[in-house]
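Shown next, in structure tokens, is the structure this report addresses.
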Amino acid sequence: MSNRVVCREASHAGSWYSASGAQLNAQLESWLSQAQSSIKPARAIIAPHAGYTYCGACAAHAYKQVDPSVTRRVFILGPSHHVPLSRCALSSADVYRTPLYDLRIDQKVYTDLWKTGLFERMSMQTDEDEHSIEMHLPYTAKAMESHKDEFSIVPVLVGALSESKEQEYGKLLSKYLADPTNLFIISSDFCHWGQRFRYTYYDESQGEIYRSIEHLDKMGMGIIEQLDPMSFTNYLKKYHNTICGRHPIGVLLNAVAELRKSGIDMNFSFLNYAQSSECRNWQDSSVSYAAGALIVH
């Protein structure tokens, strides 16, 4: 048996965010210092996964709600951008590298998840090509730095799940969500608008295009805050909003719905919303970002 530790490299460092630990640390500190910790401790957060110059400031509003003193395990659910996947997949690595420090995968939880037969294994190539989980690693490392040797991560790549699969994974993960020592990070950007995204929904009654996008996103955010998976599914069917983490969000909503059946009271609040640019004509394009947190009463 080989005891070699398998590491996933920080493949997007140097392009999507700084590869310099010192510079990255200073940026994250600056963004976090401008956010309020209004609804700690978060049991789950939704935060964006674009390049930090676009969404780093927005993401800070979610990460500010993380309490490192209670968190011992961080589940990170990110959508698959590059490979077709109809289920969820787990990493083949032991450790995820970041410019701050390395994050250790919780092999015990991974073993339990494998046993369900519901997960595939992603290749290292797929893992390192994908940014939806990686963009949360430096922020996780930063938020948890005061307890950096006391926690592990559970990265899960989420495929294009059917409604019934979202329910199945939600049910499966609900027992982990019920545990106050676990934190769930749901990786999602919101509307991808423009011809390059093949999505140009425009409600002229809202004014400029970017206002219509904001109205559409905030409608979806309001539905997510209601924590009702069926309403979110219906919203997506009606408007086809290009929320790239809709399946990870769907899994979270179904996990919450499962826990609410047993009387666990939770609520979700969005804390920040931003757009990469303000679209005013059909040649423009933008991606929206939102940050929010789930707390258990």
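List of remarks:
- Subset of the range 208-244 [in a helix (DSSP H, G or I), of a type outside the set (Phe, Trp, Tyr), touching a residue at least 24 places away in the same chain (Cβ under 8 Å) and farther than 18 Å from ILE186 by Cα]: ILE209, ILE213, GLU214, LEU216
- Of the residues examined, ASN267 is one that is among the polar types (S, T, N, Q), closer than 23 Å to CYS58 by Cα and either at pLDDT below 95 or not in a helix (DSSP H, G or I) (or both).
- Of all residues in the range 110-133, those that are closer than 16 Å to TYR96 by Cα have Cβ atoms under 6 Å from Cβ atoms of residues that are modelled with pLDDT under 95 and surrounded by fewer than 20 Cβ atoms within 10 Å (Cβ to Cβ), 6 or more apart or on another chain, in THR126/VAL83; ASP129/HIS82.
- Residue within the range 29-42 that is among the basic types (Lys, Arg) and either within 20 Å of ASP149 (Cα to Cα) or not in a loop (DSSP other than H, G, I, E, B) (or both) present: no
- Restricting LEU216, LEU161 to those that are surrounded by 13 or more Cβ atoms within 10 Å (Cβ to Cβ), within 30 Å of ILE105 (Cβ to Cβ) and among the aliphatic types (A, V, I, L, M) reduces the list to LEU161.
- Residues in the range 177-202 that are of a type in the set (A, V, I, L, M, F, W, C) and surrounded by fewer than 22 Cβ atoms within 10 Å (Cβ to Cβ) were compared, and the one that is nearest to ILE243 (Cα to Cα) is PHE197.
Yes/no per residue for (1) hydroxyl-bearing (Ser, Thr, Tyr); (2) surrounded by 22 or more Cβ atoms within 10 Å (Cβ to Cβ); (3) in a loop (DSSP other than H, G, I, E, B); (4) free of Cβ contacts under 8 Å to residues at least 24 places away in the same chain:
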residue	(1), (2), (3), (4)
ALA62	no, yes, no, no
THR71	yes, no, yes, no
VAL74	no, yes, no, no
PRO99	no, no, yes, no
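- Test: residue in the range 145-156 that is free of Cβ contacts under 8 Å to residues at least 40 places away in the same chain and either of a type in the set (A, V, I, L, M, F, W, C) or part of a loop (DSSP other than H, G, I, E, B) (or both): yes
- Flag if ARG4 is in contact with a helix residue (DSSP H, G or I) (Cβ under 8 Å, 6 or more places away or on another chain) and basic (Lys, Arg): no
- From the options GLU258, GLU225, residue that is within 23 Å of SER174 (Cβ to Cβ) and under 18 Å from the mean Cα position of the chain (by Cα): GLU225
- Between SER33, SER20, SER91, SER80, the distinction of being surrounded by 13 or more Cβ atoms within 10 Å (Cβ to Cβ) and over 18 Å from the mean Cα position of the chain (by Cα) belongs to SER20 only.
The values are calculated or read from the model by the stated rules, or taken from the named source; none is laboratory data. Not measured: the values here are computed from a predicted model. In this analysis, Cβ positions are derived from the backbone assuming ideal geometry, glycine residues included, and neighbour counts consider all displayed protein chains.
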